[in-house]
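S.K.: Please read through the structure below; I'll follow up with questions.
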There are 2 protein chains.
Amino acid sequence: MEPIVVAGTQLHSTEEKQRYREQVRKLRKGKKGLVIVNTGNGKGKTSAALGVMTRAWGRDLKVRVIQFLKHENAKFGESRAAAKMEIEFGGTGDGFTWTSKDLDTTKAKALHGWELAKTAISSNQYQIVILDEFTYVLAFGWLDVNEVVAWLAANKPELLHVIITGRDAPAALIEHADLVTEMREIKHPFTTQGIRAQIGIDF
Amino acid sequence: MEPIVVAGTQLHSTEEKQRYREQVRKLRKGKKGLVIVNTGNGKGKTSAALGVMTRAWGRDLKVRVIQFLKHENAKFGESRAAAKMEIEFGGTGDGFTWTSKDLDTTKAKALHGWELAKTAISSNQYQIVILDEFTYVLAFGWLDVNEVVAWLAANKPELLHVIITGRDAPAALIEHADLVTEMREIKHPFTTQGIRAQIGIDF
């Protein structure tokens, strides 16, 4: 019998091979929800997730957005838009850590965000769940990336798309993801021209 | 007097230096519309532009989107969303060139798109104008990139943001742009797993 090798691992049992073939069949039919990661030091990681949110909303799909490190009550452009679109959009952080005066609270809120995320993901009520800035929670070591990946593997509904954004996506997350894009900064107005963040563009 | 060097060019006249200092002052105050380019072979170029569109709409800014190479009447997620958001969203192409049976028509429609773009940009009616897939029109040589850049330099209202998306952004466009991001494909489900485009995610 012909061996099947997936990501460097040879599948031995007939069961493994059947599972793999079934997986590929579903993927080819477009019947699998993807784990999507937008990472890198450039712009557009959150914006691209918001763009997918907008497309999905255009098709009346149900989207849930959890922002891990944004101010809970901040009226950013995206939260204003989500309110108009009646999309559930929740920040759980108390601001970026580099401005935080109380790191323990930030961490506690981020961990609470993951509980919200697990509830949303396993609820089977959404077609897309966006975990915005979630990579930082992993990169800071507040959550174990292997546990997160194992949880996703065991609990993500088959058709649900999960989009994770943020710099420094850990290797184990990239390994698990189906679609990974690096947003690379080629030219940035702050570094080249001293331009600050722009209202409506950046926030 | 201290020399000022911008992008490798030393500014000589007092006028040049004054213009440059005025420019920097406005940039620092966030009072300049940016020319933004999302390029690269990865996902998220159009999605990130749509995300900015959504943010801006959340703040009641006025956005105009011109899609250069999409089917005019196609009911994609983004056009459905734009209709719900009452954003002017026009495709001008008759489909991607690699499926086109009549290249001349495609080219004519793309050139018509540039006329629409010029009207929108110079109208001073918008805060953001998105030229989606516009790089292809330049890369195919249908429009001269230097003429386009010169037109933008002369006619773009100071506060207007223009976002241009697509692969293979020409060097002259990158040179002119304020903010350039390359979306790099790290992992793609079509190449790694044979997954086709997903409704609500990709279109």
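S.K.: Taking a point 7 Å out from Cα toward Cβ as the label site, list the nm distances between A:E115 and the same residue in every other copy, smallest first.
M.R.: Distances to the matching label points in the other copies: 6.1 nm.
S.K.: Can you put A:R55, B:R184 in order, fewest other beta carbons within 10 Å first?
M.R.: Ordered by Cβ neighbours within 10 Å, fewest first: B:R184, A:R55.
S.K.: Compute the convex hull volume of the Cα atoms of region B:33-193, divide it by the residue count, and report the result per residue in Å³ as a whole number.
M.R.: Hull volume normalised by residue count: 119 Å³.
S.K.: A further question on this structure: State, to one decimal in nm and shortest first, how far the label point of A:E15 sits from each corresponding label point in the other identical copies (label point: 7 angstrom along Cα-to-Cβ).
M.R.: Values, ascending and in nm: 8.2.
S.K.: At a 10 angstrom cut-off on C-beta neighbours, averaged per residue, how do the peptides B:31-41, A:118-128 rank from highest to lowest?
M.R.: B:31-41, A:118-128
S.K.: Separation between the A:I186 and B:K31 pseudo-spin-labels, each 7 Å from Cα along Cα→Cβ, expressed in nm?
M.R.: Going from the A:I186 label point to the B:K31 one covers 3.0 nm.
S.K.: Using only alpha-carbon positions, what ratio does the radius of gyration of region B:112-155 give when scaled by 2.2 N^0.38 Å?
M.R.: Dividing the Cα radius of gyration by 2.2 N^0.38 Å gives 1.13.
S.K.: Determine the alpha carbon to alpha carbon distance for each of B:K45/B:K156; A:K43/B:K84; B:K32/B:K62; A:K31/A:K62 and list only those over 20 Å.
M.R.: From the list (B:K45/B:K156; A:K43/B:K84; B:K32/B:K62; A:K31/A:K62), the Cα-Cα distance tops 20 Å for B:K45/B:K156; A:K43/B:K84.
S.K.: Okay, moving on. Compute the label-point distances linking A:H188 to its equivalents in the other copies; points lie 7 Å from Cα along Cα→Cβ; give nm, one decimal, shortest first.
M.R.: Ordered by distance, the counterparts are at 2.6 nm.
All of the numbers you see were taken from the coordinates with simple rules; none came from a lab. What you see is a predicted model, and the numbers here were worked out from it, not measured in a lab. Cβ sites come from the backbone with ideal geometry, for glycine too, and all protein chains shown count toward neighbours.
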